[in-house]
1. Need the failing condition index for I456 against (1) at pLDDT 95 or above; (2) outside the structural domain of Y256 (by TED's automatic domain parsing); (3) of a type outside the set (S, T, Y); (4) surrounded by fewer than 24 Cβ atoms within 10 Å (Cβ to Cβ), just the number.
2. Among the residues of the stretch 136-181, what is the count of those that are of a type in the set (K, R) and within 26 Å of L391 (Cα to Cα)?
3. Looking at Q17, Q28 in this structure, which one is free of Cβ contacts under 8 Å to residues at least 40 places away in the same chain, outside the structural domain of V110 (by TED's automatic domain parsing) and outside any helix (DSSP H, G or I)?
4. Considering the stretch 360-377 alone, what residues qualify as being in contact (Cβ under 8 Å) with a residue 60 or more places away in the chain, surrounded by fewer than 24 Cβ atoms within 10 Å (Cβ to Cβ) and outside any strand (DSSP E or B)?
5. Answer with yes or no whether E392 is in contact with a Lys or Arg (Cβ under 8 Å, 6 or more places away or on another chain), on the phi < 0 side of the Ramachandran plot and at pLDDT 95 or above.
6. With the condition kept exactly as written, say whether any residue in the stretch 189-198 is crowded, with 23+ Cβ neighbours inside 10 Å, within 19 Å of S390 (Cβ to Cβ) and over 20 Å from the mean Cα position of the chain (by Cα).
7. Of the conditions (1) at pLDDT below 95; (2) under 26 Å from G197 (Cβ atoms), G146 clears all except one; give me its number.
8. State which residue is surrounded by the fewest Cβ atoms within 10 Å (Cβ to Cβ) when the search covers only the stretch 319-356 and only residues that are of a type outside the set (K, R), over 15 Å from the mean Cα position of the chain (by Cα) and assigned to a loop (DSSP other than H, G, I, E, B).
Amino acid sequence: MESTLASREIDAAEYVQRVYESVVMKNQHETEYLQAVKEILDTLSPILAAHPEYIESGILERIVEPERVVMFRVPWVDDAGRVQVNRGYRVQFNSALGPYKGGLRFHPSVSASIIKFLGFEQIFKNSLTGQPIGGGKGGSDFDPKGKSDQEIMRFTQSFMTELYKYLGQDTDVPAGDIGVGAREIGYMFGQYKRIRGAHEAGVLTGKGIGYGGSLARKEATGYGCVYFVNEMLQAKGLSFEDKTVIVSGSGNVSIYAMKKAQEFGARVVACSDSNGYIYDPEGIQLDTVIQLKEVERRRISDYVKFHPHAVYTEGCSGIWSIPCDIALPCATQNEIDEQAAKVLVQNGVKAIGEGANMPSTLEAIHIFHTNGVLFGPAKAANAGGVAVSSLEMSQNSMRLAWTFEEVDAKLHMIMKNIYESCEAAAKEYGHEGNLLVGANIAGFKKVADAMMAQGIV
């Protein structure tokens, strides 16, 4: 019996390798997408060996191909009257579990590879939430930094004038991501409503509270990350209490991860933005960060003007050299590489919670696992935002609004369930304690079963 299972696992591993090689051939220059595919496929051999019907039905071959990829130009006029042109994307990756759901990212780095990696990850992340939502992602290489409100409005209106054709509250429901906050969502919702002539509140999430948004949505990804890490710590008899924490980034995810970590008794000593990072050994004063980043839209370097004992350092990568017990990478993809992981381990890090999408390279993840560092992978730890986006959709459908406490309680339970699903799947398929394997298998199985039930589509 054991030899038969071992043989099946060898066959499954060979099958996975063939599928990955095919993906490489078709997407040779899309490095981020290939990284995301490899990270997931490398962990699926145990479940494929146990369920050969997935191989026979070509589930992997189908799941790595988006159902639809849309790319379009976005012309707009800047404040000087000059015509500017950006590129827009929407990848509708998988709808087996429900309408496509995933954010819009506005950043100069946005490309087909970035959007495909984010959309692919979103399939499994959304599956883990237990909500009826499929995976998608979109965005543009537009940079909102330094732009006036009028320029951002003109760009987002042009962007939505093309994108609206592919959206609908039962078809595809975007949200925000890097560079897309309440302001941008508001402008896009207004343009969608103007074109369609209907107030379809469920077509975008992350909206303002006054026109269909959900309380706790802004806090959800950061809170959710900390809730997940807390479950991970408690399983080992640990907690956030009196721990030193580093959080990269200073946007919504980072701010509310810091807030919840502080509420759990941690001392958060560092955060960053795209220019550099601050280190405050006395503990980050979150009110100052919120004022700078959410109210005044200033750089994190200005923190030291209010707290002269803190230190600002240009460049982001050095933040991981600060000794800490818990690291929460909440900024962007691949911000922790192999060298940064080694430094974190040398400095005694006990746990990593990925608040951003794929913030650790494959080499970094290997370093964490081989050194016994607790590792909360992004598709699990980062799922709180999309979970509450789904709750926003539910409130829109029912034409009601839940209190902050109600939404937060649902979020907390969803993150607890995600942790338990990851832990259980890892144990069932022979990788007890490896939450990355558990998250990938648990997310994959639900989608695969739905695809099997729906036939070859």
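1. Result: I456 fails condition (1) only.
2. Adding up the residues that qualify gives 2.
3. Only one candidate passes the filter, namely Q28.
4. Of everything in the stretch 360-377, those that are in contact (Cβ under 8 Å) with a residue 60 or more places away in the chain, surrounded by fewer than 24 Cβ atoms within 10 Å (Cβ to Cβ) and outside any strand (DSSP E or B) turn out to be T361, L362, I365, H369.
5. yes
6. Looking for residues that are crowded, with 23+ Cβ neighbours inside 10 Å, within 19 Å of S390 (Cβ to Cβ) and over 20 Å from the mean Cα position of the chain (by Cα), one finds at least one in the stretch 189-198, hence yes.
7. Only one criterion is unmet by G146, namely (2).
8. G348
The values are calculated or read from the model by the stated rules, or taken from the named source; none is laboratory data. Quantities reported herein were computed from a predicted structural model and do not represent experimental measurements. A quick note on method: Cβ atoms are made from the backbone with ideal geometry, for glycine too, and the neighbour counts reach across all protein chains shown.
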